[in-house]
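Data block below; observations after.
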Amino acid sequence: MDLKKGISFFGVFSIASGAMISSGIFILPGLAFAKAGSAVFISYFLAGILGFIGILSVVELSTAMPKAGGDYYFINKTLGPMFGTISGFLGWFALSLKSAFAIFGIAEIIYLYTGISPMLSGLILCLFFVFINIIGVKEAAIFQTIMIIGLLSLMLIYIIIGIPKVNMSNFSPLLSSGFNEILITSGFVFISFGGLLKVANVSEEVINPKRNIPLGMFSSILVVTILYTFITFILTGTLDADQFSGSMTPVADSARILAGEVGYIIIIIASLLAFFTTANAGIMAASRYPMALSRDSLLPGSIASINKRYNTPLISILITGAIIYLSLLLPLEMLVKAASTVILTSYVLTNLSVIILRESRITNYKPSFKAPFYPWLQIGSIILFSFFVIDLGAAAIELSLTFLFISFCVYMFYGRKKQNREYALLHLLKRISDSTLTEDLLEDELREILINRDNIEQDNFDKLIKEAQFYDVEESMDFQQVLEKVSQDMALKSGMEEVMIKEMFLQRQEDCNMAISEFLAIPHIVIDGEDKVFLHVIRSRKGIKFTENENKVQAVFLLGGTRETRTLHLKTIAAIATLVGSDKFKEKWLEAKTVTELKNLMILTERRRFK
């Protein structure tokens, strides 16, 4: 069962923004200030630029393959199931850790004012977010949008009040920590922008993904980067260095100075909204990883089951909620570093995926947005994000390697047993070595994604084309020679003898010329038997001779079917005629480099559908 499309542009914007605006600005600035000093706002601005650079490739992949699982799906279809399994588990753990980070923030605020144990309130919060996500993605997205509107409004009020009261002397000296420390700190706070990956995870549920994914993600990172830069600038200008350094509630402390207890309460409310949006988006996105892994038989199939009432992955959401709750047991800084390490690794692999997919020249890789400055942007991103991973330290890398080992074991003992897996790296190797390594399984899968992405309505003719045998004839032939070439395949499809099927087509041509025009011929016969139909498609650039007048037919559709399939027979002829009459079909037919491109042309071209 497919997931229901219920996320609009505002949903994409809200999921991305809500996933970013949380602990990254309400808790992390104090820790970041201790590293970068008064230039902390520059670190946040640089992290925003890095986030923008990182998502260019993510957006390209998301518009080409809007599927649940996001970066897992991209990497699986690019580097193969082993890397896909590892990426899927790492992404699942990373977003779960980031959601746990947000729930930790809410639980701490509750503890501060009520004394309720953070583990108890954390459990209640996990159950709440699990429930919201189970009842539907549309409902979760609406809940997200309402919260993000309230959050952005409160943050804007804080900025308007705070800017005039900034003490510029707090910024002197500005670069006391050195530019290298500023850059390293931007890697530390990069987790603040990790929420952008969450949109890719729910891209299958986005309405009109070609437009709404790039528009929603780009507008989100622009708004959040500006917001983060201004807020950290105000924090530095309104808090003493001793008070700011290491503070776990820097924005609330600053708001108390700016507007007294009222300001403090407003920011507490804003921080709660922020944590709620991150936790909600986190469970929504993280739960799509196990679902995608299960769809590809890399986890038990039951995990991918969709609740019939709500059209949501029930089991996947429940498991993710449990992991998030258990993650609350980790120390805060370890939580941040481990999540950052995995998110940075995901950016490295997504940029590598773009390079491999483009160089493999897969026909059905058709993103509606293409990352600019290829391949230098991708190569630079891989180097830069790899540097940040190394810089986060051994402890975070060791924890990530633990997750990696678990993922590898799952693949070796479960997923490796699954067969018929095809990925872009094989296509690239095939192109380099000119060997037979692929069977176009990936092309077929990507074509189905394009059909779903572009909301192309399918009819019986489309199903017939997918099953049809295609031939690309290089030499000039007459109709009888064409029949000699394809009669064996037609005999297998029809259950008839080769000689008989050739005679029927030749007799049909003798009774009535099957060449509709100098370009097109649709030879068709009625065969014996029950519920059988076949279609064989031939492209000949040099032309096929039917008669003296029609001697350059370049598109031949050999159609056969039993009597009870007569209606489908007639609709197929009408569909072919409609398709061939579409704009520039002939030019595209002759320009197609492979039979895969011919099949794509027939399935993806806009035409009237016959039900």
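The values are calculated or read from the model by the stated rules, or taken from the named source; none is laboratory data. Note that the structure is predicted; figures quoted are calculated from it, not measured. Cβ placement follows ideal geometry from the backbone for every residue including glycine, while neighbour counts extend to all protein chains displayed.
Just to be sure, is ILE213 without any contact (Cβ under 8 Å) to a residue 12 or more places away in the chain, part of a helix (DSSP H, G or I) and β-branched (Val, Ile, Thr)? No, not satisfied. Under the condition of being within 12 Å of LEU558 (Cα to Cα) and out of contact with any Phe, Trp or Tyr (no Cβ under 6 Å at 6 or more places or on another chain), the residues counted in the range 474-484 number 1.
Counting only helices (runs of 4 or more DSSP H) that sit wholly inside the range 78-193, those with at least 2 residues that are under 23 Å from the mean Cα position of the chain (by Cα) and surrounded by fewer than 24 Cβ atoms within 10 Å (Cβ to Cβ) are 81-114, 118-134, 137-162.
Look at ILE49 and say whether it is of a type in the set (Val, Ile, Thr), under 26 Å from the mean Cα position of the chain (by Cα) and in a helix (DSSP H, G or I).
Considered against the rule, which asks whether it is of a type in the set (Val, Ile, Thr), under 26 Å from the mean Cα position of the chain (by Cα) and in a helix (DSSP H, G or I), ILE49 comes out as yes.
Of the residues ALA279, ALA304, the single one that is touching a residue at least 40 places away in the same chain (Cβ under 8 Å) and buried (at least 19 other Cβ atoms within 10 Å of the Cβ) is ALA279. Of the residues GLY69, GLY54, GLY122, GLY91, which single one is touching a helix residue (DSSP H, G or I) at 6+ places or on another chain (Cβ under 6 Å) and modelled with pLDDT of 85 or more? Result: GLY122 is the single residue among GLY69, GLY54, GLY122, GLY91 that is touching a helix residue (DSSP H, G or I) at 6+ places or on another chain (Cβ under 6 Å) and modelled with pLDDT of 85 or more. For the range 586-596, give me each residue that is assigned to a helix (DSSP H, G or I) and either surrounded by fewer than 19 Cβ atoms within 10 Å (Cβ to Cβ) or outside the structural domain of GLN469 (by TED's automatic domain parsing) (or both). Of everything in the range 586-596, those that are assigned to a helix (DSSP H, G or I) and either surrounded by fewer than 19 Cβ atoms within 10 Å (Cβ to Cβ) or outside the structural domain of GLN469 (by TED's automatic domain parsing) (or both) turn out to be LYS586, GLU587, LYS588, LEU590, GLU591, VAL595, THR596. Scanning the range 585-611 for residues that are without any contact (Cβ under 8 Å) to a residue 24 or more places away in the chain and within 25 Å of the chain's Cα centre (by Cα) yields one hit, LEU601.
Residue count for the range 369-398 under the criterion of being in a helix (DSSP H, G or I), of a type outside the set (A, V, I, L, M, F, W, C) and either surrounded by 19 or more Cβ atoms within 10 Å (Cβ to Cβ) or at pLDDT below 80 (or both): the result is 4. May I ask you to verify whether LEU293 is within 22 Å of TRP92 (Cβ to Cβ), out of contact with any strand residue (DSSP E or B) (no Cβ under 8 Å at 6 or more places or on another chain) and surrounded by fewer than 24 Cβ atoms within 10 Å (Cβ to Cβ)? Spelling it out, it is not the case that LEU293 is within 22 Å of TRP92 (Cβ to Cβ), out of contact with any strand residue (DSSP E or B) (no Cβ under 8 Å at 6 or more places or on another chain) and surrounded by fewer than 24 Cβ atoms within 10 Å (Cβ to Cβ).
If you check LEU429, LEU401, LEU442 for being within 23 Å of the chain's Cα centre (by Cα), assigned to a helix (DSSP H, G or I) and at pLDDT below 80, only one passes: LEU442. Within the bounds of the range 254-263, is there any residue that is assigned to a helix (DSSP H, G or I), over 28 Å from PHE171 (Cβ atoms), in contact with a helix residue (DSSP H, G or I) (Cβ under 9 Å, 6 or more places away or on another chain) and touching a residue at least 12 places away in the same chain (Cβ under 8 Å)? No, the range 254-263 has no match at all.
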